[in-house]
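First up is the structure itself, then whatever we jot down about it.
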Amino acid sequence: MKKLILVLLIVSIWGTPIIAGAMPEMAPPDPLDNGPGEIDVSSYPKEMQDIYNNIFKDKCSNCHVLARPIGASYTTADEWKKVIKKMMGKPGSGIDPMSAKKISEFLIYDSSVRKGGGK
Ligand code: HEC
């Protein structure tokens, strides 16, 4: 019984950071998070709609609301690639290279439509 208590104690002390380390890193709140949480993609090409609905919405809402990337001021391919690379590197991001590529294509296209950028 003493052994069990000891094991539980060790798990509770050491287990917390291990479990926390496996969880996606939570982003602190940002004023941008209060902006629109979705994009009207109804006029976008089908491929872009598919990336938005099946990849972007899924991968980019795990650690912060979708409003964060949607409200970001980035427009160029370079800027988006840099941000997505940073997000991929966050612990537990779950963003594979193929999804990252698709998401960057979507965000660059979306910037060209909504922000007149995307060069
Ligand atoms: C594993 C967790 C995680 C995932 C998944 C994630 N983010 Fe983030 N994101 C963060 C954290 C933490 C911050 C705040 C700290 C920072 O800026 O590095 C953040 C901040 C941001 C910011 C604002 C800061 C900046 O650099 O402009 C943008 C934009 C952003 N994320 C976009 C995205 C996009 C796009 C995706 C999907 C490809 C994504 N995030 C997926 C954790 C994540």
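Near SER99, within a Cβ-to-Cβ distance under 9 Å, what is the net charge of the other residues, with Lys and Arg +1 and Asp and Glu -1? Don't skip to the end; give the middle numbers.
On the way: positive: LYS59, LYS101, LYS102; negative: ASP58, ASP96.
Spelling it out: positives minus negatives among the neighbours equals +1.
Only helical DSSP H runs with n ≥ 4 go in: add -39500 (n - 2.57) per run for the chain, normalise by residue count and round the 222 nm mean residue ellipticity to 500 deg cm²/dmol. Provide the component values of the computation, followed by the final result.
Numbers: 5 runs with 62 residues, N = 119.
About -16500 deg cm²/dmol.
Charge dipole of the range 27-114 (Cα centre as origin; +1 on each Lys and Arg Cβ, -1 on each Asp and Glu Cβ, all else neutral): 300 debye, rounded to the nearest 20.
Starting from the Cα gyration tensor of the range 43-107, take the square roots of the eigenvalues, sort them a ≥ b ≥ c, and report rounded, prolate or oblate (rounded when a/c is under 1.5, otherwise prolate if a/b is larger than b/c, else oblate). The partial results should precede the final answer.
Values: a/c = 1.41, a/b = 1.25, b/c = 1.13.
Rounded, since a/c falls under 1.5.
Against the chain, whose longest principal axis is taken from its Cα atoms, helix 2-22 shows a tilt of about 10°.
Which of the lysines could be linked to LYS81 by a straight reach, that is with a Cα gap under 20 Å, when you skip same-chain ones fewer than 8 residues away? Straight-distance partners of LYS81: LYS57, LYS59, LYS90, LYS101, LYS102, LYS115, LYS119. Extension gain for the segment MET26 to LYS86, taken as residue separation times 0.36 nm less the Cα-Cα distance, is 20.2 nm to one decimal. By the rule of a C-alpha distance below 20 Å, with chain neighbours fewer than 8 residues away ignored, the aspartates and glutamates paired with LYS46 are GLU38, ASP58, GLU105, ASP110. When only alpha carbons are used to place a centre, the range 36-73 and the range 78-119 end up 11 Å from one another.
Please state the relative contact order of the range 27-114 as a whole percent: Cα pairs under 8 Å, 6+ residues apart?
Numbers: 74 pairs, mean separation 30.3, N = 88.
Worked out over the range 27-114, it gives 34 percent.
Readers should treat all values here as calculations from the given coordinates under stated rules, not as data from a laboratory. What you see is a predicted model, and the numbers here were worked out from it, not measured in a lab. Using ideal geometry, Cβ is built from the backbone for each residue, glycine included, and neighbour counts are taken over all protein chains shown.
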